[in-house]
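Shown next, in structure tokens, is the structure this report addresses.
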Amino acid sequence: MADPIPVQKKVRRSFGPKVSTGCITCNCMRCQKYGTRCEGYKTTTLAPMTQKRHVARPILPNAKVLCKSPATVSKLFNTDQEFGYFQRFCIQNVRQLTGLRESEFWSRHVLQASEMEPCVRHAVIAIGTLDFSKRGLEAGEPQRVQRESNHVAKPELVDASRLEFAYREYGKAISCLKTTIAEKKLSIRTSLITSLLFACFEAYHGNSDAAAAQVYAGIEVMELYSKKRKIQSSKPDIPTPPPIDRDIVDMFSLLEIQATSWGDKRSSTLHLQRMRDCEAAVGEIPREFKDIGQAQSSLFMISLRGIHLRLSQTNKDVVPSSEETTRAAVVTLGPLVGEPQHAELRSVLSMFKKWAAAYEPYLRRASSQGSSKERRDGAKMIYLHYLGIHLWVAAGASTLDSYYRRYTKELRKIVELGRIMSAENQDYFSLDIRFVLPLQVVALVYRHRALRQEVMAMYLGQPRREGMWDAVIITKVLEWISAIEEDGLTDEEYVPEDGIATLTAYKVDSENRSVYVQCVQGVRGGKGQATVKETIVYW
């Protein structure tokens, strides 16, 4: 991959004093790891910008024009390197992060905010430094890349310096955010966009817990803001704050699904409240969705309603702990207990069916020959998400025979669509859900043996990371789970119910490229008996 896109126009560099106040990014751990010297940064005071009226830009705009749109570029960027990586984000990363979703979050909201807010701009530059076609630089050895020049290109090990630059920009973003908060100038829009950018940076580097924490923090901010709007709207003498843009809400909804699948230790009370909020947000499902944006917003709310229902019971007796072991929520959510919970589950599953009926006409139109390839693939991806999350929620039934072995047709469809999506997503990293999470449901929840082998083959054929989940790590865990579940089996289609191994805990050690795994497995022929098994797998 080439280094940042060459800057054609020389910009005036802005110099300022540097102060040694200690590392503001990582408490020295990352600096020690990469052998860099800790340096503090003083927030740069930017000259006042002329206020401009911002108009909505179309999806995936002409990035070169957009990146150079500020009249005073030299006031926004201190170096050519900053400007170059900002351009790279606009031209490459925006497209990669948007994917097949019809969303203006990355192409409009983030870029507009970056022109006005230093904390957003530095976070954008940090992400623009990252190469989404490769594994996170912390997870492997530096890659040799070619640097473009007028001379004969020679291989250079530049990843280490790029990583250092990325962390410096990330540190500047954190510093600028702290300054904005201290000055009480932080808007709700800037707060939410910054949380998502920080989640993106942390997820790419394998810091899944930190990424999930950013998502949960942003959702809490949105909840508090919504309550404030509701209170102020009831007072005629107080102006009501504007609503949060739908693209931002949808982005958080999609990432909340991702984060809860990774692990969610929030209280049962919070999950019950979120369940009710999501139910109210769904409203009445139309007979037919008018566009994919309406369809995906509805699907996210239905999905989160079902997920929060299951977590409200799973986390009922959870006590906050200092242990670092992460619980894999996607496979350890137990069955729901109690008739009220079962009635709620039936209501959620009914909403999924209504959604599918309303989506079918749009899916049929999008799949016609007259549609563009992007529209066809985007419609298929949303349907893949529907199938995967629907079956994940359905697994909350009180008994195994209520869902196990009952969705073979749907499982095959998930794998079929996953194969299509994997062919269309060649980059290593994406922040939101593409196909890794839906395929996990097939392999880890429903345990169809042949389909599980296909899932592992797809993961190995195209190693990738989606948000908190790394396909390579999942594959290693699946190989161990499959070996102990299928020991002694012959031609059984599914793993027998009494031999299921439920993954209960794991802990990823990125530095040593290993993961500790623990599960509880039933004893075949021994009703009610189970054994605890554990191992360490390496990738």
Legend entry - Members of region 522-536 that are at pLDDT below 95 and either touching a helix residue (DSSP H, G or I) at 6+ places or on another chain (Cβ under 6 Å) or among the basic types (Lys, Arg) (or both): 522, 524, 527
Legend entry - Hits in region 176-208 - residues which are open to solvent by 50 Å² or more (accessible area, probe 1.4 Å) and either of a type in the set (D, E, K, R) or under 12 Å from the mean Cα position of the chain (by Cα) (or both): 178, 183, 184, 185, 189
Inset, instruction - Could you figure out which of (1) part of a helix (DSSP H, G or I); (2) open to solvent by less than 10 Å² (accessible area, probe 1.4 Å); (3) over 30 Å from residue 127 (Cα atoms); (4) touching a Lys or Arg at 6+ places or on another chain (Cβ under 8 Å) isn't true of residue 411? - result: (4)
Inset, instruction - Please state which one of 299, 311 is touching an Asp or Glu at 6+ places or on another chain (Cβ under 6 Å) and modelled with pLDDT of 90 or more. - result: 311
Legend entry - Filtered residue count, region 106-130, keeping only those that are surrounded by fewer than 21 Cβ atoms within 10 Å (Cβ to Cβ) and either among the aromatic types (Phe, Trp, Tyr) or under 25 Å from residue 424 (Cβ atoms) (or both): 0
Legend entry - Single match in 45, 36 (criterion: more than 30 Å from residue 511 (Cβ to Cβ), at pLDDT below 50 and assigned to a loop (DSSP other than H, G, I, E, B)): 45
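Considering each of 387, 363, 349 in turn, give the residue that is farther than 20 Å from residue 281 by Cβ, of a type outside the set (D, E, K, R) and open to solvent by 20 Å² or more (accessible area, probe 1.4 Å).
The unique qualifying residue is 363.
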Inset, instruction - Filter the helices (runs of 4 or more DSSP H) completely within region 315-397 down to those with at least 2 residues that are modelled with pLDDT of 90 or more and over 27 Å from the mean Cα position of the chain (by Cα). - result: 339-366
Inset, instruction - Quick one: which residue in 274, 266 is part of a loop (DSSP other than H, G, I, E, B), in contact (Cβ under 8 Å) with a residue 12 or more places away in the chain, crowded, with 17+ Cβ neighbours inside 10 Å and under 23 Å from the mean Cα position of the chain (by Cα)? - result: 266
Inset, instruction - For residue 211, indicate whether it is within 20 Å of residue 469 (Cα to Cα), open to solvent by 40 Å² or more (accessible area, probe 1.4 Å), modelled with pLDDT of 95 or more and not charged (D, E, K, R). - result: no
Inset, instruction - Say whether the condition of being assigned to a helix (DSSP H, G or I) and open to solvent by less than 20 Å² (accessible area, probe 1.4 Å) is met by at least one residue in region 226-238. - result: no
Inset, instruction - Name the one entry in 212, 259, 217, 203 that is free of Cβ contacts under 8 Å to residues at least 60 places away in the same chain and either over 25 Å from residue 444 (Cβ atoms) or of a type outside the set (Lys, Arg) (or both). - result: 217
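The values are calculated or read from the model by the stated rules, or taken from the named source; none is laboratory data. Bear in mind the structure is a predicted one, so any value in this text is a computation, not a measurement. No Cβ is skipped: glycine too gets one built from the backbone with ideal geometry, and neighbour counts run over all protein chains shown. What goes into the accessible areas is simple: the full protein's heavy atoms, side chains included, and nothing from ligands, DNA or RNA. Shrake-Rupley method; radii C 1.70, N 1.55, O 1.52, S 1.80 Å.
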